[in-house]
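Worksheet: the structure to be examined is printed underneath.
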Amino acid sequence: MSSHHIIREKQEPALYIHELGAFSEEYLGQLLEWSPTLIVNDTEYEKVISMGLKVDAVVNSSGLQNFQENTKEIEVKTEALDAVLDFLIAEQYQAVNVIDTKSNLRELGSYIAEINIVVFTATEKAYGIKSGFKVWKPKGSVFKIEVMSYFETSNLKQEENGDFVVLNDGFVEFSFTTEYLFISEVL
């Protein structure tokens with residue numbers, strides 16, 4: 001007996017590979033599991049194609065021409081990541097996973113109201129949250145939190161190095177007065 005997954009288009013987050021760096025192939029496989037729309041930066045195109053992946057769109061800032069059949073080209077006016085986010089918002093995507101070598105979410109703050117963004121690096125998963133965000137985590141899980149303003153949380157203890165560690169298996173809840181709080185989890 002075979003199992004089939006029915007996926008409505010744009011229900012799954014799109015996946016944008018900005019820069020693979022040392023990103024784990026196992027994690028990449030997990031992000032590709034539900035066959036998301038795959039967008040790659042032209043600098044990563046050859047590497048991604050060599051992995052046998054079907055690319056749906058390329059952010060083309062260097063003028064490359066030879067793409068797979070049926071691959072869309074996303075024009076870049078300023079930054080590649082801005083071009084991708086503008087494209088996805090225009091296409092009415094609800095969310096995007098981004099693979100990059102750094103996770104500076106503050107640069108993406110203007111997009112967070114329009115699309116959910118999760119940035120994966122080789123070591124972290126970073127995202128913006130709204131007050132009241134609640135997530136279950138096992139004891140010892142580590143969060144890195146960019147402390148821009150006062151916030152309250154349950155079930156976390158700040159370490160001397162600035163990391164926040166989950167005290168007990170269970171929910172961690174965040175409350176704060178700013179629009180968003182940027183957090184990351186250690187992978």
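Summary table
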{"quantity": "Full-extension gain in nm, Glu159 to Glu75, via 0.36 nm per residue minus C-alpha separation", "calculated": "25.8 nm"}
{"quantity": "Estimated FRET transfer efficiency when R0 is 30 angstrom, pair Glu146-Ile49 (beta carbons, to 0.05)", "calculated": "0.30"}
{"quantity": "Chain lengthening between Asn66 and Val135 when straightened (0.36 nm per residue, less Cα-Cα)", "calculated": "20.5 nm"}
{"quantity": "Sorted peptide list for 124-137, 167-180, criterion being average Cβ within 10 angstrom, highest first", "calculated": "124-137, 167-180"}
{"quantity": "Rough spin-label spacing in nm, given labels placed 7 Å along Cα→Cβ, for Asn116 and Thr101", "calculated": "2.9"}
{"quantity": "Point-to-point label distance, Glu19-Glu33, nm (Cα→Cβ direction, 7 Å offset)", "calculated": "2.8"}
{"quantity": "Computed [θ] at 222 nm, deg cm²/dmol, the chain (DSSP H ≥ 4; -39,500 (n - 2.57); rounded to nearest 500)", "calculated": "-3500 deg cm²/dmol"}
{"quantity": "Between helix 80-90 and the chain: long-axis angle, C-alpha atoms, 0 to 90°, nearest 10", "calculated": "90"}
{"quantity": "Residue-level accessible surface for Leu32, protein heavy atoms, 1.4 Å, Å²", "calculated": "40"}
{"quantity": "Whichever aspartates and glutamates have a C-alpha closer than 16 Å to that of Lys10, once near sequence neighbours (fewer than 8 apart) are set aside", "calculated": "Glu33, Asp56, Asp86, Glu91, Glu114"}
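The values are calculated or read from the model by the stated rules, or taken from the named source; none is laboratory data. Just so we're clear, the structure is a prediction, and the values are computed from it rather than from any experiment. For neighbour counting, all protein chains shown are included, and Cβ atoms are generated from backbone atoms with ideal geometry for every residue, glycine included. Ligands, DNA and RNA are stripped out before the accessible areas are found, and what is left, the full protein with its side chains, is counted by its heavy atoms. Shrake-Rupley method; radii C 1.70, N 1.55, O 1.52, S 1.80 Å.
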